[in-house]
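The values are calculated or read from the model by the stated rules, or taken from the named source; none is laboratory data. Every value quoted in this text rests on a predicted model; they were computed, and no experiment measured them. Every residue, glycine as well, gets a Cβ built from its backbone with ideal geometry; the counts of neighbours run over all protein chains shown.
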Amino acid sequence: MKTLLQILTVVAIAFAATACKSVDKAVDWSPFAPAPLISPDYVTTVVKKYSAPNAIAEIKTKIDALPDPNDKAQQKQRIAIRNDSLNELLLASDSLYEQSKVKLYTFQAESNIGFDILNLGLTGSAAVLGSAATKSVLSGIATFSQGYEASVDKNLFAEKSISALSNTMDADRAEILSRIVAGMVQDTFDYGLDEGVRDVLAYHRAGALVSAISQLASSSGTVKEAREGELRGVRERAK
């Protein structure tokens, strides 16, 4: 019995992995992942360019060479130099973010379908097989599989839906982007390159899954505190 359980467990795990891979091959994900408009080579070039130790300093030197605050031509050049750099970084960030969102959705879809196939196979086999012991083993593995799926959802996604996480990331990025766009119409004396780059980095970090999970947890905590405060107020007034 113990040996049978071990064999079936290994088979079940192997089947789950194979099912996920089969789903990936069988399903056409192109509607969810259209061909990127921005070449990966462009993103690689931008990342490499701004990863250079003196990249920002060299751009600042160009801006500092146009110091007259009253010269409209110099002002236009300063703003253009800063904005060109920020736009390059924003475009690269947007491209990477869209790729990561597609991977996030397809990963969850593949794992969910794979686990569903596995659970259907196990429970279906348990229903038709005659041996009570085998039925018990298969049912036990199905329960293990369901628990494993729940664990993946809990530990990778903090029990949040992908839609909620995606919406949170989109909202956070939109808020920061508004700040960047507002800064880009100002002179570099009012919205410098350093400040703009810091905002773009914050914009990029807002597209991270861990950032969305943290933001949702924080929002939930704030709402909970507000509701508890309202409840305390109602109770005080009821005395």
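Computed values, structure above
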item: So Asn54, is it under 26 Å from Val197 (Cβ atoms) and either modelled with pLDDT under 85 or surrounded by fewer than 16 Cβ atoms within 10 Å (Cβ to Cβ) (or both); result: yes
item: Those residues of the range 164-218 which are part of a loop (DSSP other than H, G, I, E, B), surrounded by fewer than 13 Cβ atoms within 10 Å (Cβ to Cβ) and β-branched (Val, Ile, Thr), in sequence order; result: Val185
item: Residue that is nearest to Ala164 (Cα to Cα), among those in the range 72-126 that are small (Gly, Ala, Ser) and modelled with pLDDT of 65 or more; result: Ser100
